[in-house]
Structure formats: C-alpha cells, structure tokens
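Peer 1: After the structure tokens below, expect a handful of questions from me.
The values are calculated or read from the model by the stated rules, or taken from the named source; none is laboratory data. All values reported here derive from a predicted model rather than from experimental measurement. Methodologically, a virtual Cβ is constructed for each residue, glycine included, from the backbone with ideal geometry; neighbour enumeration extends over all protein chains shown.
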Amino acid sequence: MRWEFVIAVAVLIGLALFLLNEVRRPNGPMRGQRPRWKKRVRIALASLPFVVASSLAQCASVPINFSFKAGGLKPNEVLSMRVDVTSDELATLGITRSLNLQFGATEQDFQFQATKTFGFDNDMEGWQVVNGTFNRTSTGGGAGATPFYLASSSVTDGACDEVRSPIIRLTATSTLSLYNQYSIEPISDAWYDRANVGIFDVLSQTRTNVAPSGGRTYLATGPNGVCVTGGQPGWAGPGPAWLQSTWTPTDLKASQFAGKNVQLDVGYGTDSTASLLGFWFDQVTLTNFYLQSADTASDVCP
C-alpha cells in the first residue's frame, strides 16, 4: 500500500517568521530544510532545501505544501519525520524552527471478518494496555480450557486499568461476546468498584459504555465507580467461573458507530478501599465487522 500525504506547514512557517521578526531581519529568503528521518526508508524528493519566499515583510506569512511517498514500511510501523524551517539570517545564528510529524497504522487495510475471536493464547493479538494493568495470564487457565486470558491488577486500591482492541469498524449487524470472571467489591451501602466494556471512538477520543443484555449482565449501577467506569453500570460483586456476556447490535450501538474507526475498551477501576482480586476476560468474539490489519499490496512504491 502506498502512503501519500499532503501536509500544510503554514503554522511552522509562522513560527519561523515570528523568530525572524524577533531578530529584525525580515528581508532574507526563507528556506525549507531536508526532512530528517528517525528510520531510513526509501525516499525520492525534489532537491532540498528549497526557497519558500525570496523575501517577506515583517509579520507576513507564506503557506507551503509538500507531499511525499514512503516505501518499504512494515505493517503498523510508525513513520516519523521532522521538518526544519529557517532563513539565511536565522541560519547564520544557528536558529531553526522544527515540526515533528508522526503517522501510525501504516501498511494497513480494513478487512471484513464474518467472525473473529481474540483468545490471547499466543500473544496480545493487537490489544494494547493504555492505563494500569491488563496482563496475559495463565493461572487457573482461560475460558473453555484455553491456556491464557487477560487479567487486571489484583488487590490494588486506586487502580485504573484499561486495555483496547486493535482498530475496527463495526457494521449495523455487528455483535459481541466475551467470557469473564471476577471478584470485585460487592454492594454495601452502594456499588463502588466495577468493570465494564466501552466503545472508544478514535477520532473524537471518547468512550461510550455498552451493556450486555445476554448471559452475565452488569450488576453495579449508580454514581460512584472510578477510572473510565465512573458513574456507569458494570460488573461487580462475586463473579465465579468463566461465564459469557453477549451484546446484540443494539446493545453494541452498532448503527451509531458503523463505519467509524473504533476500539473495544475494557476498563476496571477501584477506589481507595476494599479492592478484591480483580477482573479477567477471555474469548472475545466479534461478528460482521472490519479489522484493521496488514495489507496485501506491495511495500515498494512504483
């Protein structure tokens, strides 16, 4: 898959012009510097540096666009580059303004999956811990006599554990199921600690709680709760043995999120007292969705 980006660097030019005005030498030519790459990749660029403007009035600005293609990237490799902007006068003073650019999820396509189960038996399968603890664990075995599962922190007050799936795109008919087991603070005068599942919208950076209607459903309700579970329903109390929870398309808000880049987000939070053994989950099955994964096209640009 070829990656082609067009990046506006007017803000960067503005920074350089601000610095240019600071030293009160506004009439020299500004030059764009050669991007500096953290990792060597095959590139084909016009001759650099190049002149953006032969002269600029004080406080003036000039926009510039550039494009590039990167070849030879591995799937999901992060592409990083730095753009330097300076002028003849600033260069003599050793002054440069820089912008660092980073592009993730390279060499990826969305591929339709009629059904897929994340079992964690060989590795994390693309799931990433974004806060606290969720470890691959084999103690006692996973659901359905499988060896591994993911486990939150244990007996830890003030925990905020959160793990996310690879990026996916739901369809209007997507469903979800997962097996879970837990030992979380039971109800006293109210519910406090809890765990739940959410849909994380990559673009808006927001998390929406989704509640299962089948199998083992949420028990905890009410305000309380901490971390990403604050004020939301979730699993709590004793949850012995591996049992399945299921989400219909409606439960999953599949129509609301269809076509968007989202991630499944599992969270577990504890307050300052009475934390118990924690939350474990395994055998996460999604249906009728698109999974972001390595593409099948050549890694070499023509």
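Peer 1: Right, ASN131: in contact (Cβ under 8 Å) with a residue 12 or more places away in the chain, within 20 Å of ASP265 (Cβ to Cβ) and touching a Cys at 6+ places or on another chain (Cβ under 8 Å) or not?
Peer 2: yes
Peer 1: When SER275 is evaluated against the numbered criteria (1) in contact with a strand residue (DSSP E or B) (Cβ under 9 Å, 6 or more places away or on another chain); (2) in contact (Cβ under 8 Å) with a residue 24 or more places away in the chain; (3) of a type outside the set (A, V, I, L, M, F, W, C), which criterion, by number, is the only one it fails?
Peer 2: Here SER275 meets the rest and fails (1).
Peer 1: Considering the stretch 140-153 alone, what residues qualify as being surrounded by fewer than 17 Cβ atoms within 10 Å (Cβ to Cβ), in contact (Cβ under 8 Å) with a residue 12 or more places away in the chain and either outside the structural domain of GLN181 (by TED's automatic domain parsing) or more than 11 Å from GLN283 (Cβ to Cβ) (or both)?
Peer 2: Within the stretch 140-153, PRO147 is the sole residue that qualifies.
Peer 1: Then there's this: Give me a count of the residues in the stretch 118-148 that are over 20 Å from the mean Cα position of the chain (by Cα) and part of a strand (DSSP E or B).
Peer 2: Count: 1.
Peer 1: Same structure, new question: For the stretch 16-114, give me every one of the strands (runs of 3 or more DSSP E) that falls completely inside it and has 3 or more residues that are modelled with pLDDT of 70 or more and under 30 Å from ARG169 (Cβ atoms).
Peer 2: Per the criteria, 65-70, 79-87, 97-103.
Peer 1: Based on what the data block shows, is ALA297 out of contact with any Cys (no Cβ under 8 Å at 6 or more places or on another chain), assigned to a loop (DSSP other than H, G, I, E, B) and modelled with pLDDT under 95?
Peer 2: Working: out of contact with any Cys (no Cβ under 8 Å at 6 or more places or on another chain): yes; assigned to a loop (DSSP other than H, G, I, E, B): yes; modelled with pLDDT under 95: yes.
Yes; evaluated as a whole, the condition is true for this residue.
Peer 1: Against the conditions (1) surrounded by fewer than 15 Cβ atoms within 10 Å (Cβ to Cβ); (2) of a type outside the set (Ser, Thr, Tyr); (3) in contact with a helix residue (DSSP H, G or I) (Cβ under 8 Å, 6 or more places away or on another chain); (4) within 24 Å of VAL130 (Cα to Cα), where does ALA172 fall short? Just the number, please.
Peer 2: Looking at each condition in turn, ALA172 falls short on (4).
Peer 1: Another question, if that's okay. Regarding VAL284, is this residue β-branched (Val, Ile, Thr), under 22 Å from GLY126 (Cα atoms), under 24 Å from the mean Cα position of the chain (by Cα) and in the same structural domain as THR117 (by TED's automatic domain parsing)?
Peer 2: On the way: β-branched (Val, Ile, Thr): yes; under 22 Å from GLY126 (Cα atoms): yes; under 24 Å from the mean Cα position of the chain (by Cα): yes; in the same structural domain as THR117 (by TED's automatic domain parsing): yes.
Here the answer is yes, as VAL284 does meet what is asked.
Peer 1: Right, something else. Hey, could you check the stretch 80-114 for residues that are of a type in the set (Ser, Thr, Tyr) and closer than 25 Å to LEU203 by Cα and say which is nearest to the chain's Cα centre (by Cα)?
Peer 2: Only one residue fits best here, namely THR106.
Peer 1: Here's something else I'd like to know. Can you tell me which residues in the stretch 154-169 are within 20 Å of TRP247 (Cα to Cα), surrounded by 22 or more Cβ atoms within 10 Å (Cβ to Cβ) and of a type in the set (D, E, K, R)?
Peer 2: Residues satisfying the conditions are GLU162, ARG164.
Peer 1: Hey, another quick one. VAL163: in a strand (DSSP E or B), under 26 Å from the mean Cα position of the chain (by Cα) and over 18 Å from LYS260 (Cα atoms), yes or no?
Peer 2: yes
Peer 1: Moving to a separate point now. Scan LEU286, LEU243 and give me the residue that is aliphatic (A, V, I, L, M), closer than 12 Å to ASN180 by Cβ and modelled with pLDDT of 95 or more.
Peer 2: Working: LEU286 fails: closer than 12 Å to ASN180 by Cβ.
Residue meeting the stated conditions: LEU243.
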